[in-house]
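What follows is a set of notes on a single structure, which appears directly below.
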Amino acid sequence: MHPFAYTAPATLADALRALSAAGPGTKVLAGGTTLYDLMKLDIETPSSVVDVHALRELTGIDTGGPGELSFGAGALMADVAEDPVLLSDYPALAESLAKAASQQLRNMATVGGNLLQRTRCAYFRGGPAFPCNKRRPGSGCGAIGGLDRGHALLGGSDACIATYPGDWAVALLAFDAVVDVAGPRGERTIALADLHLEPGVSPDREHTLEWDELIVRIRVPATPTGRGSTYHKIRDRESYAFALAAAAAAVALDDRGGVADCRIALGGVATRPWRCRAAERELIGGVLDEHSARRAGEAAFAGARPGTYNAFRVELGIRTVAEALRIAGERAVR
Amino acid sequence: MPARISVARMTSEAETAFTVNGTTVRLGLDPRESLLDVLRERLGLTGAKKGCDHGQCGACTVHLDGRRVVSCLMPAVQANGRSVTTIEGVSGPGGELHPLQQAFVDHDALQCGYCTPGQVMSGLACIAEGHAGDDDEIREYMSGNLCRCGAYTGILAAVRAAATQWEG
């Protein structure tokens, strides 16, 4: 591992000052489950690290208010996953966390850091032996035409097809979450939809945060649609694996069983958390049944561009959306 | 041309104090050192095992302030001011096995034994968290601990037995 300067500031204000002072080669360390892992592989080589894991200011969870849910960026995944309000009123949010990683990792990883979890693409993680435009811009992409079984079907470019691996951001995206970001110029709010970037021609740029900014809070507008939701995640094994295909689905039904509100987002199949407005439009105002759920799944994957070994995940993804909608519909408020 | 030696810009040490199995330790740590390496190489506590060293296998599971974590993915400096429990801190004062350790023996829950310290630490936490309610829940909440000998059936039985004994 490359050497780095380490600081563990006592307050958020000190952390922001330390970040600015240390310069653009600095990384923020929270749970460490992505950053420290990639530092061991020499994929991440920060010149300095600002450790924010102990900042109590960042750990608050407030799900009791009428208007919104609020999660401090430093709250642990395990704690948010078992929040009673999430479990009853927003099961998709709770399930997206419970189905991610292992309990050990959920006890370490934070809900803010998780948003910026980096891809599991083997060519990215494999290091200098492999070309990777994300890791070394201009070096090419080993996955395109290579072993692409787990790679993105949606949102890829000629430069990169690395899958965004997270689950939590996908569920949050379905509920129009926003993130509050602090930096030397003060605090600003970004829609989660505007946080992650598609790779395009610069896959090394994955998000819209500046190097001296820090996510401090995630907020989710309250909605009764949350009750009729699920995060359905299909994996190679039943637990503790990244998604082959995943869908966050939420449905609210009117008193005659028509779909009054619908949210669909995809995980594990795209280069970023992927909202499916076209699929939602397929359902809103109509009836939710096996056929319409299937059509919504097909609409969600209409733009899929499979490669060599990942085409099976298009049909798998369509069925995952349909099944997620069935589960969400059974839970839905009428 | 001079050789480039990265050791020349060696990271400075950070004073770190934490308790391990109830004993306070104070160390000057390189911030690159994992908690697992510090436990094993500096403190001689070799119970926690290094399997993958990337948080994927669970062999290095220890408790941090009572909660299970993978010690390989934690810079040891983050343990400052906190309390660590390893498998060495689980047995009784006379070396007698903890009931969950005894359950692993009774239910043939190991073969080579390499993953066992992590399995026991994870199992203790699984029960304490209230996640050992039925077989499916135990399987789900023990999924972060791999056993390449495939002793899963015995591990499940051991955790279930200990959980039942605990409640009873």
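B:Glu15 versus B:Ala128, label points 7 Å from Cα toward the beta carbon: distance in nm?
3.0
Mind ordering A:118-127, A:132-141, B:133-142 by average Cβ neighbours within 10 Å, highest first?
The packing order, highest mean first, is A:118-127, A:132-141, B:133-142.
Given the convex hull over the Cα atoms of the stretch B:99-167, what projected area results after averaging over all orientations, in nm²?
Average projection, Cα convex hull of the stretch B:99-167: 3.8 nm².
Which shape class applies to the stretch A:1-141: rounded if a/c is under 1.5, otherwise prolate when a/b exceeds b/c and oblate if not, where a ≥ b ≥ c are the square roots of the Cα gyration tensor eigenvalues?
oblate
Starting from 0 in steps of 10 Å, tell me what percent of the Cα-Cα pairs of chain B lands in each bin.
Spelled out bin by bin, chain B gives 11, 37, 31, 14, 5, 2, 0, 0 percent.
Determine the calculated [θ] at 222 nm for chain A from helices alone, applying -39500 (n - 2.57) to every DSSP H run no shorter than 4 residues and normalising by the residue count; nearest 500 deg cm²/dmol.
The helix-only estimate for chain A comes to -7500 deg cm²/dmol at 222 nm.
Determine the shielding of peptide B:65-76 by partner chains: average, over its residues, the number of Cβ atoms on other chains within 10 angstrom of each Cβ.
So the per-residue partner count for this stretch is 6.
Between the helical axis of B:116-128 and the dominant principal axis of chain B, each derived from Cα atoms, what acute angle in degrees is found, rounded to the nearest 10?
70
Any idea what the alpha-carbon Rg over 2.2 N^0.38 Å comes to for the stretch A:5-54?
Working: Rg = 10.5 Å, N = 50, 2.2 N^0.38 = 9.7 Å.
That ratio works out to 1.08.
What does the net charge come to around A:Glu282 if you take all other residues with beta carbon closer than 13 Å to its beta carbon, with K and R at +1 and D and E at -1?
Net charge in that neighbourhood comes out at +2.
Which of B:Phe18, A:Phe130, B:Phe104 has the fewest other C-beta atoms within 10 Å, and how do the rest follow up to the most?
A:Phe130, B:Phe18, B:Phe104
If you find the alpha carbon centre of the stretch A:236-251 and of the stretch B:80-115, how far apart are they in angstrom?
Distance between centres, Cα-based: 33 Å.
Rounded if a/c is under 1.5, else prolate if a/b is larger than b/c, else oblate: which is the protein assembly as shown, with a ≥ b ≥ c the root eigenvalues of its Cα gyration tensor?
In terms of gyration-tensor shape, oblate.
Above 18 Å lies some portion of the pair distances; for the stretch A:150-262, what is it as a whole percent of all C-alpha pairs?
For the stretch A:150-262, the fraction of Cα-Cα distances above 18 Å is 63 percent.
Once you charge only the Cβ atoms, +1 for Lys and Arg and -1 for Asp and Glu, what is the size of the charge dipole of the stretch A:5-54 about its Cα centre, to the nearest 20 debye? Mind dumping the intermediate values first?
On the way: 3 positive and 5 negative charges, 20 e Å.
Using only the charged Cβ atoms, the result is roughly 100 debye.
Find the all-direction average of the projected area of the Cα convex hull for the stretch B:11-89, expressing the result in square nanometres with one decimal place.
Averaged projected hull area, Cα only: 4.5 nm².
For the stretch A:228-329, how big is the tail of P(r) above 21 Å, as a whole percent of Cα pairs?
27
No lab work stands behind these numbers, since they all come straight from the coordinates. None of the values given here were measured: they were computed from a predicted structure. Please note: Cβ atoms are built from the backbone with ideal geometry, for glycine as well, and neighbour counts cover all protein chains shown.
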